[in-house]
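Only one structure is covered here, and it is reproduced in the block below.
The values are calculated or read from the model by the stated rules, or taken from the named source; none is laboratory data. Treat the numbers as computed from the prediction; the structure is a model and nothing was measured. Virtual Cβ from ideal backbone geometry, glycine too; neighbours counted across all protein chains shown. Ligands, DNA and RNA are excluded from the accessible area calculation, which covers all protein heavy atoms including side chains. Shrake-Rupley method; radii C 1.70, N 1.55, O 1.52, S 1.80 Å.
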Amino acid sequence: MSEPAHLSAAMPVTPPARVLVVEDDETVADVLREALADPRFELVFAIDAESAMRSIDERSPDLVLTDISLPGRSGLDVMRHARSRDPEAAVILMTGYATTQNAIDALREGACEFITKPFEDIATLPDILEKHLGNRRLRLQNTALMLELQEKNAVLERHEQELRERVELATHQMATLYRVAMEIGTDLGLAPRLDRITEVAIQQAGASGAAVWLQHEESGEYALAAHQGAEAAEGEEESHRFLEGAGVLGMVVVDRAPVRRERCDTLPGLVVPAEAALLVVPFIQGEACFGMLAVWGKPGGFTADDQEFLSLFASQASVQIRNSQLYEHTKSLDRLKSDFVAVVSHEIRTPLTSVKGAVELLSDDRYFQNNDQQGKLLTIAHANAERLLLLINDILDFSKLESASLPMTIERQRLEPVILQAGQHLRTLIEERRIKLEFEWSEDLPDVLLDAHRITQVVTNLLSNAIKFSPIEGGIQVRARAGEGVVRVEIVDHGEGIAARDLPKLFRKFQQVDSSSTRKVGGTGLGLVISKGIVEQHGGLIGVESEVGSGSTFWFTLPIAERVAAEHASRA
């Protein structure tokens with residue numbers, strides 16, 4: 001019963017094996033032809049070595065069954081030729097004059113089997129051939145599998161190498177982004193940051209130029225903010241701007257996605273060669289595009305890796321640009337505030353000076369005779385006018401310090417007279433509170449560089465605070481001693497002291513330590529801030545050491561004149 005058609009079609013069909021029989025004896029050849037009449041074999045006969053070799057070249061047999069003794073060259077030559085053409089070819093040798101040594105030599109040269117004639121059981125010959133053909137097929141399959149495995153290993157190695165290269169590239173990019181972020185973060189100003197961003201973009205992308213456009217919040221237009229590697233275009237400023245959707249840059253705003261092109265479109269505000277390759281990446285905050293970074297002019301064009309890196313770089317730069325914009329806005333508001341405070345304070349001080357002068361005139365017994373009640377009121381008015389004038393002067397000095405316009409004339413001078421002068425300014429307050437003021441310094445105290453008026457102001461501020469927070473009949477020491485290139489001045493009181501958590505507040509503007517004692521003495525909270533600014537403009541430092549219940553030591557340093565002169569000479 002025959003197999004169903006669909007089953008027979010599904011089974012693989014093995015083609016018959018090509019078998020070359022080399023035998024010069026016609027009778028033996030007929031016996032072999034009859035014995036090997038099997039559909040598994042496709043037989044080809046040859047009567048000598050020469051014809052056998054030609055058949056090997058033409059047909060590439062899977063198995064060669066050859067007599068050793070042939071006319072001319074031997075069966076061993078046939079075997080060697082077959083093996084040279086196909087190392088996996090099966091070769092079976094036949095002979096009627098076999099010896100054990102013949103068999104061993106034949107097997108050593110590559111024969112699969114050695115058969116003696118006459119044949120003991122010719123019926124087994126097809127099975128012998130099939131056995132060696134099966135071995136050949138297994139070796140060929142093994143070779144094919146090994147080749148496939150080698151190819152797959154090669155593919156795997158290529159993938160591994162590509163992955164390693166991508167990991168190395170990603171690591172390099174991350175390290176670069178981190179390093180650049182640290183470099184850019186050193187300056188909060190918007191202009192320096194934009195210049196550094198364009199510079200890094202050119203370096204990392206291998207471009208010839210880069211530019212940044214940022215959006216104006218009021219108009220919504222995008223304008224050129226920084227550029228390198230190209231000249232600014234001539235024309236009105238309006239022609240250097242664009243709106244969402246206009247040109248290639250406008251489409252970046254709409255799509256909020258990078259654009260990579262082989263040729264450069266017109267870039268607003270810049271003169272860029274049309275044949276230059278172009279890559280544009282957006283600056284994104286939330287869902288909005290507030291600007292973009294463009295690079296151009298890379299030989300051979302920009303790659304997907306360039307686009308990926310610049311996209312990461314733009315994402316990082318977006319945060320830094322926004323921080324700089326906020327910083328610039330804050331600085332602008334701070335300048336407006338300082339200008340307003342300065343103008344208002346100046347305008348108040350002028351009439352206040354007149355009021356103070358009028359009160360002093362009214363209090364002068366040479367011109368006006370006042371009773372006790374009137375005298376008390378005039379004294380209160382004068383004290384408050386004096387206090388208000390001091391507060392206004394502090395505010396004006398602070399605004400000048402903020403704008404770096406506080407006038408100073410720094411000269412080489414002795415420090416002792418300046419400290420004594422500050423003590424004289426506070427003589428009335430010292431006498432009222434019966435404070436014992438002591439000055440301590442060595443006679444060989446070196447000269448320092450200072451503005452006498454401003455350092456007197458610093459010492460007066462520190463000494464005034466020490467007096468206010470010292471107990472009645474308490475003691476205050478003012479010390480000065482030379483250190484490493486500086487003179488250190490200390491004002492030591494024995495008052496209540498300051499808690500460690502409150503120390504950072506002391507040198508912040510408009511802040512006072514939150515305690516009943518500070519509320520009692522009042523003030524703007526600017527005295528220490530102004531003192532800090534003055535000392536730092538002299539190239540010195542200021543600080544405080546204090547513990548609750550142990551008093552406080554406020555100190556500041558000033559550079560020694562000789563050391564500053566020596567440093568200038570060494571640099572020259």
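If you scan the stretch 111-137, which residues turn out to be farther than 15 Å from Asp86 by Cβ, open to solvent by 70 Å² or more (accessible area, probe 1.4 Å) and in a helix (DSSP H, G or I)?
Matches in the stretch 111-137: Ala123, Asp127, Lys131.
Has the stretch 235-243 got at least one residue that is among the hydroxyl-bearing types (Ser, Thr, Tyr) and within 30 Å of the chain's Cα centre (by Cα)? So that I can check it myself, show each step before the final result.
Start the filter on the stretch 235-243 by keeping residues that are among the hydroxyl-bearing types (Ser, Thr, Tyr), which leaves 239.
Next, from what is left, pick out any that are within 30 Å of the chain's Cα centre (by Cα): none.
For the stretch 235-243, residues among the hydroxyl-bearing types (Ser, Thr, Tyr) and within 30 Å of the chain's Cα centre (by Cα): absent.
Yes or no, residue by residue, for (1) closer than 28 Å to Gly549 by Cα; (2) touching a residue at least 40 places away in the same chain (Cβ under 8 Å):
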{"residue": "Thr409", "(1), (2)": "no, yes"}
{"residue": "Leu426", "(1), (2)": "yes, yes"}
{"residue": "Leu429", "(1), (2)": "yes, no"}
{"residue": "Glu443", "(1), (2)": "no, no"}
{"residue": "Leu449", "(1), (2)": "no, yes"}
{"residue": "Val458", "(1), (2)": "yes, yes"}
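Every residue, every condition in (1) touching a Gly at 6+ places or on another chain (Cβ under 7 Å); (2) open to solvent by less than 40 Å² (accessible area, probe 1.4 Å); (3) modelled with pLDDT under 90; (4) not acidic (Asp, Glu), yes or no:
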{"residue": "Ile395", "(1), (2), (3), (4)": "no, no, yes, yes"}
{"residue": "Ser403", "(1), (2), (3), (4)": "no, no, yes, yes"}
{"residue": "Gly423", "(1), (2), (3), (4)": "no, yes, yes, yes"}
{"residue": "Leu426", "(1), (2), (3), (4)": "no, yes, yes, yes"}
{"residue": "Arg433", "(1), (2), (3), (4)": "no, no, yes, yes"}
{"residue": "Leu445", "(1), (2), (3), (4)": "no, yes, no, yes"}
{"residue": "Ile455", "(1), (2), (3), (4)": "no, yes, no, yes"}
{"residue": "Phe469", "(1), (2), (3), (4)": "yes, no, yes, yes"}
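Just wondering, is there one or more residues in the stretch 327-350 that are surrounded by fewer than 13 Cβ atoms within 10 Å (Cβ to Cβ), part of a loop (DSSP other than H, G, I, E, B) and either modelled with pLDDT under 80 or polar (S, T, N, Q) (or both)?
Checked against the condition, which is being surrounded by fewer than 13 Cβ atoms within 10 Å (Cβ to Cβ), part of a loop (DSSP other than H, G, I, E, B) and either modelled with pLDDT under 80 or polar (S, T, N, Q) (or both), the stretch 327-350 yields no hits at all.
Need the failing condition index for Gln101 against (1) open to solvent by 70 Å² or more (accessible area, probe 1.4 Å); (2) modelled with pLDDT of 90 or more; (3) not in a loop (DSSP other than H, G, I, E, B), just the number.
(2)
Could you list, in sequence order, the residues of the stretch 179-213 that are surrounded by 11 or more Cβ atoms within 10 Å (Cβ to Cβ) and modelled with pLDDT under 75? Break it down into steps so the answer makes sense when it comes.
Applying the first criterion (surrounded by 11 or more Cβ atoms within 10 Å (Cβ to Cβ)) to the stretch 179-213 yields 179-181, 183-185, 187-213.
Within the stretch 179-213, Arg179, Val180, Ala181, Glu183, Ile184, Gly185, Asp187, Leu188 meet the criteria.
Looking at (1) open to solvent by 60 Å² or more (accessible area, probe 1.4 Å); (2) touching a helix residue (DSSP H, G or I) at 6+ places or on another chain (Cβ under 8 Å); (3) farther than 19 Å from Glu308 by Cβ, which is the one condition that is false for Ala226?
The one condition Ala226 does not meet is (1).
Pairs only if they're at least six apart or on different chains, beta carbon under 7 angstrom, first in the stretch 351-370 and at pLDDT 80 or above, second assigned to a loop (DSSP other than H, G, I, E, B); list them, first residue then second.
What qualifies is Leu361/Tyr367; Leu362/Phe368.
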